[in-house]
Amino acid sequence: MASSGGDHDEIIKSISDAPPTHYMVKIESFSLLTKHAIERYETESFEAGGYKWKLVLYPNGNKSKNTKDHVSVYLALADSSSLSPGWEVCAVFRLYLLDQNKDSYLILQGKERRFHAVKREWGFDKFIPTGTFADASNGYLIEDTCMFGADVFVSKERRSGRGECFSMIKDATSSKHVWKIENFSKLDKESYDSNAFFAGDRKWKIRFYPTGTKQGTGTHLSIYLILVDPETISEGTKIFAEFTIRIFDQLQGRHIAGKGKTPTNSFLVTCYIDMSPFTS
């Protein structure tokens, strides 16, 4: 028979003697979930169709969907972070509840669903009324114990072209690094690097060219902020930063500063270079 669920799509409800083939979870002392205010319970992960999944239960209904007086049950991708932007997994699934009196299963099945990084969870807001579930004569909750299950059938996978994920560090704080360069007149290498330091969640260093480089060769000091170990960053990753590089004026305090800024600021890096003494 057909029934309307919390997502307003047609749900097929059936009874079967056959248990789920992919996963079952037995919950003992079910009432303690409510007693200890556990609104959401996630099972361990299980594999089906080449992916890992979890069952998600709301003993008193999913409040975010304004569900009351029902048990809400969902199927969720266990690790959506492993899916790159654009990936989708389409699956048909059945969720089970054991009738312990008749040794049969109440089964709810919906239409094919698309699971992806943004929407990793699908299921039934109103899987079963709490009154029906708690009535021992119905066999679903016996001696405070129940059993839920799932079958998952992946129908297709697809990648909708290229994509990307953009995130920023909220309320970023400034990070400062001071590099003192001694015996400046004896520097004979093309460039020198400072020790690595952390700013934001990345490692950086200052690169200094005593006689300049590129357009500044022979006429200027050239100083750069360098990202350390860029090979550890995923291909295509962009890092936005605002930074200031400053050379101390050790006599009069009139420091020379240069600022760099990308279109979007995720964190602030301030580098100070104290080149003293300038002569040996």
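The values are calculated or read from the model by the stated rules, or taken from the named source; none is laboratory data. Worth saying up front: this structure is predicted, and the values here are computed from it rather than measured. Neighbour counts are summed over all protein chains in view; Cβ atoms, including those assigned to glycine, are modelled from backbone coordinates with ideal geometry. These accessible areas exclude ligands, DNA and RNA; they are computed on the full protein's heavy atoms, side chains included. Shrake-Rupley method; radii C 1.70, N 1.55, O 1.52, S 1.80 Å.
Loop-only trypsin sites (Lys or Arg not before Pro) in segment 47-147, please: DSSP not H, G, I, E or B, and at most 14 other Cβ atoms within 10 Å.
When the trypsin sites (Lys or Arg not before Pro) of segment 47-147 are filtered for loop state and at most 14 Cβ neighbours within 10 Å, 68, 102, 111, 119 remain.
With every protein chain kept in the model, how would you rank 248, 124 by accessible area, 1.4 Å probe, largest at the top?
Numbers: 248 60, 124 5 Å².
Correct descending sequence by accessible area is 248, 124.
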Exercise. Suppose R0 equals 45 Å; then what is the FRET efficiency for residue 18 and residue 203 from their Cβ-Cβ distance, rounded to the nearest 0.05?
Worked result: 0.20
Exercise. Put 42, 143 in order of accessible area, largest first, 1.4 Å probe: what do you get?
Worked result: 143, 42
Exercise. Between segment 84-146 and segment 180-247, how many Å separate their Cα centres?
Worked result: 56 Å
Problem set entry | Positive minus negative residues near residue 48 (Lys, Arg vs Asp, Glu; Cβ under 13 Å) | +1
For this session: Would you tell me the accessible area of residue 128, worked out with a 1.4 angstrom probe on the heavy atoms of the protein chains, in Å² to the nearest 10?
Result: 10 Å²
Exercise. Taking a probe of 1.4 Å, how large is the accessible area per residue of segment 12-159, in Å²?
Worked result: 51 Å²
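If we count every other residue with Cβ under 9 angstrom of residue 60's Cβ, Lys/Arg +1 and Asp/Glu -1, where does the sum land? Intermediate values should be presented prior to the final figure.
Details: positive: 63, 68; negative: 39, 69.
With Lys, Arg at +1 and Asp, Glu at -1, the net is 0.
What is the sum of charges, Lys and Arg at +1 and Asp and Glu at -1, for the other residues whose Cβ falls under 10 Å from the Cβ of residue 19? Could the numbers behind the result be given before it?
Numbers: positive: none; negative: 17, 103, 151.
Taking every Cβ under 10 Å from that of residue 19, the sum is -3.
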For this session: Consider just the alpha-carbon atoms of segment 109-162 and return their Rg together with their Dmax, both in angstrom.
Result: 16.6, 54
